[in-house]
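S.K.: There's a structure below that I have some questions on.
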Amino acid sequence: MTTGKEYVTAVFEKVKAQNSHEAEFLQAVEEVFDSLIPVFDKYPEYIEENILERLVEPERVLSFRVPWVDDRGQVQVNRGYRVQFSSAIGPYKGGLRFHPSVNQSIIKFLGFEQIFKNSLTGLPIGGGKGGSNFDPKGKSDNEVMRFTQSFMTELQKYIGPDIDVPAGDIGVGGREIGYLFGQYKRLNGYKNGVLTGKGLTYGGSLARTEATGYGAVYFAEQMLKARGEGFAGKTAVVSGSGNVAIYATEKLHALGAKVIAVSDSSGYVYDKEGINLETLKQLKEVERARIVKYTEHHPNAVFTPAGGDSIWTIKADLAFPCATQNELNAADAKALVANGVIAVTEGANMPSTLEAIEIFLEAGVSFGPAKAANAGGVAVSALEMAQNSQRTPWTFEEVDSKLYQIMKAIYTNSAAAAKEFGEEGNLVLGANIAGFLKVAQAMSAQGVV
């Protein structure tokens, strides 16, 4: 009889052979696979049904050309992607990322993670992800509009309210969602459930902008409660300065913690008095400026350019990596542990390397993995879908309350799964198992499809 370890190892070797050039995807797969060995020992029927190999292969991978015309009249060409990974528990759901780094490996890693994240929310949504290597930075509104219209002209063939519901991600905010929705509507008529993260005037949900950042803090709150602690008097470092970082900072301040550093791709700013949220929002949401400008408003703050000391060398009680994948490595983890960090909460997707995660777990640091801790955004996206279906908007307080309960349940279910499988306190293992089991049960019930 095949053991769980033998089965997982065999499937992973096959995945590596077939996807050897996709480093980010393989990293995400390895992290999940290591957690699932005890599941297959307990449920050998999933080995017989080959659930793991079926799950790790996307149901559909789309790659397409996106031609558009810039303001100089020059024709530009980018590449677009949509990976529809798993529809076992609902329509594909996952964001669109517009960034020069986007390639098939990154989209597949994000889509694979999304399967488990969406499962953990308890809502009926499957896993998907998409995007393009287009960079919206430095582009005019008209250039962004022309690109997004071309992108949606192709993507619209494969999405719909009950098929695949994209949302925003890095490089795709309210402006981009608006243009994408407008083009979809032009081609298909008004179907407001086809995208989430929409503006409030055309089917969007209150609290969607804040959801991922707020949700990460709500998850961290549960981790601290398990340690017998709270936010009051704690200091925090938050990487990034987009939606996730801004609203994690806002909620941390509201609950009594003090965020002392934030960053962007140009470097980070340290303010021992606490990051001024009003200034941060003005710079990032209104001016779209670099974080170095923060020091013009707060001369006592210190800016460190990229390439200098890492933001993770700052002494703080709490760390929230909210920027991008693999931003926190083993050296960063050692620095945080040496400085007494007690909890690390992933606001971005896979921001910590496997080596960094191992260091945190061995040191007894409470660690909130991305698929659990940053599920707030997709959770409220699903709540937006529900409001669209009902043609009924909910208040900010209603959505925020539902978000809090979802994040609390994700923590509870992840902690319970970790305990059940002999790794109490290991939320990486717990989240992977809790997310996987729901999908595996659905796949088993639906037969070989």
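The values are calculated or read from the model by the stated rules, or taken from the named source; none is laboratory data. The shown structure was predicted, so the numbers you read here are calculated from the model rather than taken from an experiment. All Cβ positions, glycine included, derive from the backbone under ideal geometry; neighbour counts span all protein chains shown.
S.K.: Residue by residue through segment 261-302, note down the ones that are without any contact (Cβ under 8 Å) to a residue 24 or more places away in the chain, among the aliphatic types (A, V, I, L, M) and assigned to a loop (DSSP other than H, G, I, E, B).
M.R.: Within segment 261-302, just Ala289 meets the criteria.
S.K.: Surrounded by 15 or more Cβ atoms within 10 Å (Cβ to Cβ), closer than 24 Å to Ala375 by Cα, in contact with a helix residue (DSSP H, G or I) (Cβ under 7 Å, 6 or more places away or on another chain) and not hydrophobic (A, V, I, L, M, F, W, C), is that true of Pro58?
M.R.: On the way: surrounded by 15 or more Cβ atoms within 10 Å (Cβ to Cβ): yes; closer than 24 Å to Ala375 by Cα: yes; in contact with a helix residue (DSSP H, G or I) (Cβ under 7 Å, 6 or more places away or on another chain): yes; not hydrophobic (A, V, I, L, M, F, W, C): yes.
For Pro58, the condition - surrounded by 15 or more Cβ atoms within 10 Å (Cβ to Cβ), closer than 24 Å to Ala375 by Cα, in contact with a helix residue (DSSP H, G or I) (Cβ under 7 Å, 6 or more places away or on another chain) and not hydrophobic (A, V, I, L, M, F, W, C) - is met.
S.K.: Within segment 211-238, count every residue that is surrounded by 24 or more Cβ atoms within 10 Å (Cβ to Cβ) and not in a helix (DSSP H, G or I).
M.R.: 3
S.K.: Can I ask one more? One residue is enough: does segment 129-144 have a residue meeting the conditions free of Cβ contacts under 8 Å to residues at least 40 places away in the same chain and closer than 30 Å to Phe219 by Cα?
M.R.: no
S.K.: I need a count of the residues in segment 246-295 that are β-branched (Val, Ile, Thr) and at pLDDT below 95. Show your work before the answer.
M.R.: Step one: of segment 246-295, the residues β-branched (Val, Ile, Thr) are 246, 249, 259-260, 262, 269, 275, 279, 286, 291-292, 295.
Within this subset, residues satisfying the condition of being at pLDDT below 95 are 286.
Counting residues in segment 246-295 that are β-branched (Val, Ile, Thr) and at pLDDT below 95 gives 1.
S.K.: In addition: Would segment 326-347 turn up any residue that is surrounded by fewer than 24 Cβ atoms within 10 Å (Cβ to Cβ) and either under 18 Å from Gly173 (Cβ atoms) or of a type in the set (Phe, Trp, Tyr) (or both)?
M.R.: The answer is no, given that none of the residues of segment 326-347 is surrounded by fewer than 24 Cβ atoms within 10 Å (Cβ to Cβ) and either under 18 Å from Gly173 (Cβ atoms) or of a type in the set (Phe, Trp, Tyr) (or both).
S.K.: Restricting attention to segment 1-28, report how many residues are assigned to a helix (DSSP H, G or I), more than 18 Å from Val439 (Cα to Cα) and under 26 Å from the mean Cα position of the chain (by Cα).
M.R.: Qualifying residue count for the region: 9.
S.K.: Now for a different question. For segment 244-253, indicate whether the set of residues that are more than 30 Å from Asn388 (Cβ to Cβ) and surrounded by fewer than 21 Cβ atoms within 10 Å (Cβ to Cβ) is non-empty. Talk me through it step by step, then tell me what you get.
M.R.: If we filter segment 244-253 for residues that are more than 30 Å from Asn388 (Cβ to Cβ), which is where we start, we get 252-253.
Next, from what is left, pick out any that are surrounded by fewer than 21 Cβ atoms within 10 Å (Cβ to Cβ): 253.
Within segment 244-253, one or more residues are more than 30 Å from Asn388 (Cβ to Cβ) and surrounded by fewer than 21 Cβ atoms within 10 Å (Cβ to Cβ).
S.K.: Now for a different question. Would you confirm, using the coordinates I've provided, whether Glu31 is surrounded by fewer than 24 Cβ atoms within 10 Å (Cβ to Cβ), part of a helix (DSSP H, G or I) and not small (Gly, Ala, Ser)? Don't jump to the end; show me each part of the working.
M.R.: On the way: surrounded by fewer than 24 Cβ atoms within 10 Å (Cβ to Cβ): yes; part of a helix (DSSP H, G or I): yes; not small (Gly, Ala, Ser): yes.
Yes; evaluated as a whole, the condition is true for this residue.
S.K.: Can you go through Ala348, Ala331 and tell me which one is within 25 Å of Tyr214 (Cβ to Cβ) and not polar (S, T, N, Q)? I'd like the intermediate steps shown before the answer.
M.R.: On the way: Ala331 fails: within 25 Å of Tyr214 (Cβ to Cβ).
One residue alone meets the criteria, Ala348.
S.K.: Can you run down the residue pairs with Cβ atoms below 6 Å, 6 or more apart or on separate chains, where the first is in segment 68-95 and surrounded by 19 or more Cβ atoms within 10 Å (Cβ to Cβ) and the partner is among the hydroxyl-bearing types (Ser, Thr, Tyr)?
M.R.: Final answer for the pair search is Trp68/Ser150; Asn78/Ser132; Gly80/Ser132; Tyr81/Ser63; Gln84/Tyr92.
This table checks each residue for (1) touching a Lys or Arg at 6+ places or on another chain (Cβ under 7 Å); (2) free of Cβ contacts under 8 Å to residues at least 60 places away in the same chain.
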position: Thr304; (1), (2): no, yes
position: Glu358; (1), (2): no, yes
position: Glu362; (1), (2): no, yes
position: Ala379; (1), (2): no, no
position: Leu383; (1), (2): yes, no
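S.K.: Next up: Considering (1) buried (at least 19 other Cβ atoms within 10 Å of the Cβ); (2) of a type in the set (A, V, I, L, M, F, W, C); (3) out of contact with any strand residue (DSSP E or B) (no Cβ under 6 Å at 6 or more places or on another chain); (4) touching a residue at least 60 places away in the same chain (Cβ under 8 Å), say which one Val172 fails and leave the rest.
M.R.: The failed condition is (3).
S.K.: Restricting to segment 107-158, what's the tally of residues that are farther than 29 Å from Leu429 by Cα, surrounded by 24 or more Cβ atoms within 10 Å (Cβ to Cβ) and in contact with a His (Cβ under 9 Å, 6 or more places away or on another chain)? It would help to see each step written out before you state the result.
M.R.: Applying the first criterion (farther than 29 Å from Leu429 by Cα) to segment 107-158 yields 132-158.
Cutting the leftovers down to surrounded by 24 or more Cβ atoms within 10 Å (Cβ to Cβ) gives us 132, 134, 147-148, 151-152, 155.
Filter again for in contact with a His (Cβ under 9 Å, 6 or more places away or on another chain), leaving 132, 134.
Residues in segment 107-158 being farther than 29 Å from Leu429 by Cα, surrounded by 24 or more Cβ atoms within 10 Å (Cβ to Cβ) and in contact with a His (Cβ under 9 Å, 6 or more places away or on another chain): 2 in total.
S.K.: So which residues in segment 404-449 are surrounded by 20 or more Cβ atoms within 10 Å (Cβ to Cβ), under 19 Å from Arg227 (Cα atoms) and of a type in the set (S, T, N, Q), if there are any at all?
M.R.: Those that are surrounded by 20 or more Cβ atoms within 10 Å (Cβ to Cβ), under 19 Å from Arg227 (Cα atoms) and of a type in the set (S, T, N, Q): Asn413, Ser414, Asn426.
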